[in-house]
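Asker: Take this structure, written in structure tokens, and hold onto it; I'll ask about it next.
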Amino acid sequence: MTTDNDQDDTAYAMILDEGYARPFATPLLTGEDWLFAGGRHGLSLAGDWVFTTDLHDSGLRQHWYKMEDMAPEARALPYDWDPFNTDWTMPVPSCWQMQDERLFYFEGACWYARHFDSADLPSGDRRFLRIGAAAYECKVFLNGQYLGRHQGASTPFSVEITAALRDGANHLMLCIDNRRSATRVPMNHTDWFNYGGPYREIEIFATPEARIRDLFVHLVPDGSFRTIRVQAELEGAGEARLEIPGLGIAAVLSTGVDGWAEATFEAAPSLWSPATPTLYDVALTFGADRVTDRVGFREIRRVGRDIVLNGSPVFLRGISVHEDDETIGKCFDPADLRRRFAHAKELGCNYLRLAHYPHHEAAAKLADEMGLMLWEEVPVYWSIAFDNPGTLADAKSQLTELIRRDRNRASVIIWSMGNENPDSDARFAFMSTLVDTARALDPTRLISAACLVNHVRFRIEDRLAEVIDVIGINEYFGWYFPDYEELIAIGRNSNPDRPVIITETGADGVKEDGPKSGFFSEDYMTEVYRRQIDILGRLDYIRGMSPWILYDFRAEKRMNRYQRGWNRKGLIAQDKATKKDAFAVLAAHYHRLAGQDGA
Ligand code: GCB
């Protein structure tokens, strides 16, 4: 039997073929290929797409992506879904859990399909589809052709679609799968909600034949504050011209045969800092291609146990944040981001830990403008499959995409390689590879991770500390560990040779419906903050903290009567308005510290 999607398979063969996924294993869309998006104007594909869930991978088995637009009665097979004859739609961008209550706990594949017209595309020789984020795996199909597969829930990726485009109507389909697995990054056990879907912008960009793939502009951390380095990755031949008008820089870059162009300039930029978040317009022209960015110049270094910004030691007054919202989930809303940063400023912060995965790219842009320093992280969280080469490739790709996306952001001072990973040789090798990847892509920032404490010998002890710049410590004394004396002992027994920051500490507290005392009461939470501030304040090697966390956040695993599907360690409740008493305690501490060093 031949079907109308030009497959020779019979309907039975489609059902019985357990090798159905093999053709989609490659190509992988990774951070190795990049489309620098700054200053480009794309066609937005936001809006309603047709949608279905697909728990059995029927779409891959039945080749839904090959189906042509035709009347249902003309089809040769009774397909289990027809993207041209359906009334189920889903807004893009969004998280499907937040759109339809039947999908709240749905974990599996979903199909998204829509048309666009070639006449609406921006003009250029080449076209690239850019997906801001799709959780977790996304397979891309255009006009019946499979273009590749991306892994990782929180980073952007792009794929060239030039050869698959048609004149007139084009049919784009995405198969997005948020199934958990032990080999993904993160793995199947996390303490945040497993949102699914294309929850950031999807656009199509155009470039000329010769194009700019990437641009990295930074202050060289040589202590002079006067050397600016520009590195560009180019494809094709042409003249590359860089302009930073605010610094009087206008120069032609000499391009190497391998597509790399690099130059250093002597300049005297006003340095970016939380107090003076100065940004400069940067433009790179390469033949007919042009990209722009706004870049701040600052130097961040580790000197002994200090974190040194522009030559002066800083203390990181921070707070951890998730990207989560009661009504839109992980989806981006500029007002939500502004409120998050405004609350951090009100708390007296000069720094935020963006946990536990890359947040929307607008976060670092706004932090650049508002003068907030950032920790950015990849979701190498808990017990990753450290000995699995595919897992390492996935983590490396996510890290590469994050660094390529945000390395022009002065606000980002730390790349974090992971969080609370159990020690093993495989973990050390895995994390060391990530550290090498990060340093090769960006030698201008500090590298950290939430490391381990030895709870038998009571001291900071993690061999990862040897290969990173800043030791992050998550410690929950007063919560998971009842005895504060142990925290005091850890402080006394540890003698780190590099800066330590307390990347997490905290306690759940429930305001109105909570107990009056003990775990989950507001009083208990407030007391934990008081004790922590007191004990940590006496340790002279602590260079910052980012308690857990600014807002209560959704977490499927938190199901007791006070949690009800939420982690309640927020200083502010899930409504993002109701402050718990601990907010004022931390704010008083931070404002006191800010008064002391003024940073
Ligand atoms: C941690 C994790 C964080 C959790 C937090 C908690 O150590 O890093 O993801 O949400 O503790 O509340 O238990």
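Asker: Is there any pair linking a residue in region 98-124 that is under 15 Å from K139 (Cβ atoms) to one that is of a type in the set (K, R) and open to solvent by 30 Å² or more (accessible area, probe 1.4 Å), with Cβ under 8 Å and at least six apart or on different chains, and which?
Answerer: From residues that are under 15 Å from K139 (Cβ atoms), the pairs are G108/R179; A109/R179.
Asker: Specify which of the listed residues (G565, G570) is open to solvent by less than 20 Å² (accessible area, probe 1.4 Å), at positive phi and within 16 Å of the ligand (Cβ to nearest atom). Can you show your working first?
Answerer: Details: G570 fails: at positive phi.
Only one candidate passes the filter, namely G565.
Asker: Test each condition in (1) in a loop (DSSP other than H, G, I, E, B); (2) in contact with a strand residue (DSSP E or B) (Cβ under 7 Å, 6 or more places away or on another chain); (3) closer than 29 Å to P269 by Cβ; (4) not charged (D, E, K, R) for I212 and report the one that comes out false.
Answerer: Against the list (1) in a loop (DSSP other than H, G, I, E, B); (2) in contact with a strand residue (DSSP E or B) (Cβ under 7 Å, 6 or more places away or on another chain); (3) closer than 29 Å to P269 by Cβ; (4) not charged (D, E, K, R), I212 comes up short only on (1).
Asker: Given the conditions (1) under 30 Å from the mean Cα position of the chain (by Cα); (2) at pLDDT 95 or above; (3) not in a strand (DSSP E or B), and given that R229 satisfies all but one, which numbered condition is not satisfied?
Answerer: That leaves (3) as the condition not met.
Asker: Among what's in region 528-562 and is assigned to a helix (DSSP H, G or I) and charged (D, E, K, R), pick the residue that is most open to solvent (accessible area, probe 1.4 Å). Steps first, please.
Answerer: At the first step, the residues of region 528-562 found to be assigned to a helix (DSSP H, G or I) are 528-536.
So of that shortlist, the ones also charged (D, E, K, R) come out as 530-531, 534.
Details: R530: 128, R531: 90, D534: 78 Å².
Of everything passing the filter in region 528-562, R530 is most open to solvent (accessible area, probe 1.4 Å).
Asker: Looking only at region 185-211, which residues are more than 16 Å from the ligand (Cβ to nearest atom) and under 23 Å from the mean Cα position of the chain (by Cα)? Outline the logic, then answer.
Answerer: Here is the first cut: in region 185-211, the ones more than 16 Å from the ligand (Cβ to nearest atom) are 196-211.
Answer for region 185-211, where residues must be more than 16 Å from the ligand (Cβ to nearest atom) and under 23 Å from the mean Cα position of the chain (by Cα): G196, G197, P198, Y199, R200, E201, I202, E203, I204, F205.
Asker: What pairs come out if I take residues in region 11-32 that are among the charged types (D, E, K, R) and pair them with residues that are modelled with pLDDT under 90 whose C-beta lies under 8 Å away, six or more apart or interchain?
Answerer: D17/D9
Asker: Continuing with the same structure: Specify which of the listed residues (S158, S118, S154) is surrounded by fewer than 17 Cβ atoms within 10 Å (Cβ to Cβ) and of a type in the set (S, T, N, Q).
Answerer: On the way: S158 fails: surrounded by fewer than 17 Cβ atoms within 10 Å (Cβ to Cβ); S154 fails: surrounded by fewer than 17 Cβ atoms within 10 Å (Cβ to Cβ).
Criteria check complete, one pass: S118.
Asker: Among the residues of region 49-63, is any under 30 Å from Q398 (Cα atoms), surrounded by fewer than 13 Cβ atoms within 10 Å (Cβ to Cβ), within 27 Å of the chain's Cα centre (by Cα) and of a type in the set (S, T, Y)?
Answerer: no
Asker: Moving on to the next point. Can you work out which of the residues in region 488-521 that are of a type in the set (D, E, K, R) and more than 12 Å from the ligand (Cβ to nearest atom) is least open to solvent (accessible area, probe 1.4 Å)?
Answerer: In this case the residue turns out to be R498.
Asker: Can you tell me which residue among V140, V92 is surrounded by 13 or more Cβ atoms within 10 Å (Cβ to Cβ) and either without any contact (Cβ under 8 Å) to a residue 12 or more places away in the chain or in contact with a Cys (Cβ under 9 Å, 6 or more places away or on another chain) (or both)? Outline the logic, then answer.
Answerer: Working: V92 fails: either without any contact (Cβ under 8 Å) to a residue 12 or more places away in the chain or in contact with a Cys (Cβ under 9 Å, 6 or more places away or on another chain) (or both).
Criteria check complete, one pass: V140.
Asker: Further question on the same structure: Kindly provide the set of residues from region 457-475 that are part of a strand (DSSP E or B) and open to solvent by 30 Å² or more (accessible area, probe 1.4 Å), ordered by number. Please lay out each step first, then the result.
Answerer: Step one: list which residues in region 457-475 are part of a strand (DSSP E or B), which gives 459-460, 470-474.
Those that are part of a strand (DSSP E or B) and open to solvent by 30 Å² or more (accessible area, probe 1.4 Å): R459, I460.
Asker: Within region 443-456, can you find the residues that are open to solvent by 40 Å² or more (accessible area, probe 1.4 Å) and at pLDDT 95 or above?
Answerer: Across region 443-456, the qualifying residue is only P443.
Asker: Still on this structure, I have one more. Just one of (1) farther than 30 Å from V308 by Cα; (2) within 14 Å of the ligand (Cβ to nearest atom) trips up T526, so point out which.
Answerer: T526 satisfies every listed condition except (2).
Asker: Suppose we filter region 401-437 for residues that are part of a helix (DSSP H, G or I), closer than 18 Å to P186 by Cβ and open to solvent by less than 10 Å² (accessible area, probe 1.4 Å); how many remain?
Answerer: Total meeting the criteria: 6.
Asker: Which of (1) in a loop (DSSP other than H, G, I, E, B); (2) surrounded by fewer than 18 Cβ atoms within 10 Å (Cβ to Cβ) is the odd one out, the single condition T30 does not satisfy?
Answerer: Here T30 meets the rest and fails (2).
Asker: Just the residues that are part of a loop (DSSP other than H, G, I, E, B) and either buried (at least 21 other Cβ atoms within 10 Å of the Cβ) or more than 16 Å from the ligand (Cβ to nearest atom) (or both), please, taken from region 476-487.
Answerer: Step one: filter region 476-487 for residues part of a loop (DSSP other than H, G, I, E, B), giving 476, 478-480, 482-483.
Hits for region 476-487 are G478, D483.
Asker: How about region 233-286: which of its residues are within 30 Å of S312 (Cβ to Cβ), assigned to a loop (DSSP other than H, G, I, E, B) and of a type in the set (D, E, K, R)? Write out each step before concluding.
Answerer: Initial filter on region 233-286 (within 30 Å of S312 (Cβ to Cβ)): 242, 244-249, 262-282.
Remaining after also requiring assigned to a loop (DSSP other than H, G, I, E, B): 248, 267-279.
Passing the criteria: none in range.
The values are calculated or read from the model by the stated rules, or taken from the named source; none is laboratory data. Remember, predicted model here, so these are calculated numbers, not experimental data. Virtual Cβ from ideal backbone geometry, glycine too; neighbours counted across all protein chains shown. Accessible surface is based on the protein model in full, side chains and every heavy atom, while ligands, DNA and RNA are left aside. Shrake-Rupley method; radii C 1.70, N 1.55, O 1.52, S 1.80 Å.
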